[in-house]
Amino acid sequence: MTHINSRLLDVSEERLNTLTPLRGYAEKRLLKLVDAVVPLRKLVHDIDARVWTATNRSENPTDKLTPDESAAIILYTIEWDPSHPSLYLVLNGTLRLEDRRKLVPWFSYLKLLLTGLFKLPSI
């Protein structure tokens, strides 16, 4: 059986409606990844184990990111087992919702993730 990466099929979930801008995450202070994901424990299956994996893979980043920024990016890219949606799928699904209040639990993680992404050089 061929495994098709769910990220390739994710585009079918895109809507053409315009959503209100995401407001509030930028005011959050940067936390360690382990603390930033606490509000996500009920939303994302087995997140603590994935944080452990991501943190261990990013102990000495060479890209001018902090270990936690690097781990936040790694966490976004990790695939879960097929029976549970990955953080990527849950976050992107929430970002597509019109009810922007559903994003509040994600704010600390988004702050860490986007801070790291903005530090990366453009290609």
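The values are calculated or read from the model by the stated rules, or taken from the named source; none is laboratory data. No experiment lies behind these values; they were computed from the predicted model shown. Cβ atoms come from the backbone with ideal geometry, glycine included; neighbour counts cover every protein chain shown.
Observations on the model:
- Here is the figure for region 18-45: residues that are surrounded by 14 or more Cβ atoms within 10 Å (Cβ to Cβ), within 15 Å of the chain's Cα centre (by Cα) and assigned to a loop (DSSP other than H, G, I, E, B) total 8.
- Lone unmet requirement of (1) among the aliphatic types (A, V, I, L, M); (2) at pLDDT below 90; (3) under 24 Å from Ser83 (Cα atoms) for Leu19: (3)
- Remark: Asp46 matches the filter, which requires a residue to be out of contact with any helix residue (DSSP H, G or I) (no Cβ under 6 Å at 6 or more places or on another chain), touching a residue at least 12 places away in the same chain (Cβ under 8 Å) and at positive phi.
- Helices (runs of 4 or more DSSP H) fully within region 59-123 counting 3 or more residues that are crowded, with 16+ Cβ neighbours inside 10 Å and either on the phi > 0 side of the Ramachandran plot or among the basic types (Lys, Arg) (or both): none
- Test result for Ser83, small (Gly, Ala, Ser) and more than 26 Å from Leu65 (Cβ to Cβ): yes
- Some residue of region 102-123 being of a type outside the set (S, T, N, Q), within 15 Å of Leu43 (Cα to Cα) and at pLDDT below 95: no
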